[in-house]
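Here the structure is laid out as structure tokens; the discussion comes afterwards.
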Amino acid sequence: ANTHLALLYFTMCSYWGDLPFKMQASNSMDDMYISRTSQTEILKKLEELLVEAIPVLEEKKNNCFVDANSLFFVSKDVARVILANVYVLQKNYDKAEEQLNKVISNGYYSIANSQTISYLNNSECIIGGIYATRTVSEGENIIPILDYKEVLLTAAECYYHLGKSSKAKAISDELCTKKSLSISGTNELERIAKIRYEIQSPYYLPFIRRNSLGSSMLGLSSSQLYQLLWPIPMNELALNPSMTQNPGY
């Protein structure tokens, strides 16, 4: 449960920043009208949840499409990937690298020679959702949640920030080869951004935001950078009087 909760909040923080944060359900209306907690505080709590979860999870290839148990009881690697992403948002790249290297060295997943935007129940899939079908077999489309392309691209991001540009380039080259991409450039961070764009990474915009690439990659002026965070939906503002809108909207 720690891992699933952390995945949910990490994803929401990636797109909206500060959030109302609750660990327990409540029947009190007063407890529903809570203000936003800073992303910094949320990430610290998510780190604690995942560090607590990893020792009791199984060391195995995660397969969320076997039965209900496999969907809920995820592997250590799922928690490691989420924890690494939490560390990246905290700019703690050495700790993120450590978690991602464990996933990579386990060898449970690999990059497939496939279309750049295909998300399948294949060697790349770590955890995903079923897309408009009752069963999932090899080759059927899924909604990406975590996949091995994201693991490698996040590892490359860490390598870049840790001064290991050659390792970052090796990952970019591998992905370009496997996905038949032709992406040039000498700035490895921007090259990673271009790969994320080409494969339609669901975490493309959070990557741009956390690496301050809004101007160079998207052409945003300083007054437009607020758009790298999504606006809080109007129904959330209407339902919770303590909720505030993200700046700029």
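Quick notes on this structure:
- Accessible area per residue (1.4 Å probe, heavy atoms of protein chains only) ranks T244, T177 as T177, T244, with the largest value leading.
- Cα-Cα separations in the range 13-81 greater than 19 Å, expressed as whole percent: 53 percent
- With every protein chain in place, the chain: carbon and sulfur % of accessible area (1.4 Å): 53 percent
- Length available on full extension from Q224 to I34: 0.36 nm per residue minus the Cα-Cα distance, which gives 65.5 nm.
- In the chain, helices alone account for a calculated mean residue ellipticity at 222 nm of -15000 deg cm²/dmol, with every DSSP H run of four or more residues adding -39,500 (n - 2.57).
- Accessible surface computed residue by residue for the chain, with neighbouring protein chains in place and a 1.4 Å probe, gives 50 Å² per residue.
- In this label model, K95 and S212 are separated by 2.2 nm, measuring between points 7 Å along each Cα→Cβ vector.
- Ranking by accessible area, most exposed first, for E190, E236 with a 1.4 Å probe: E236, E190
- Annotation for the range 183-213 versus the range 1-30: alpha-carbon center distance of 27 Å.
- Estimated distance in nm for a label pair at I117 and M12, the labels positioned 7 Å out from Cα along Cα-to-Cβ: 2.9 nm
- The orientation-averaged shadow of the Cα convex hull for the chain, equal to a quarter of the hull surface, comes to 14.5 nm².
- P(r) of the range 160-224 over all Cα-Cα pairs, binned every 5 Å from zero, in whole percent: 3, 17, 28, 25, 18, 6, 3, 0
The values are calculated or read from the model by the stated rules, or taken from the named source; none is laboratory data. Model, not experiment: these values are computed from the prediction. All Cβ positions, even for glycine, are placed from backbone atoms using ideal geometry, and neighbour counts span all protein chains on display. Accessible surface is based on the protein model in full, side chains and every heavy atom, while ligands, DNA and RNA are left aside. Shrake-Rupley method; radii C 1.70, N 1.55, O 1.52, S 1.80 Å.
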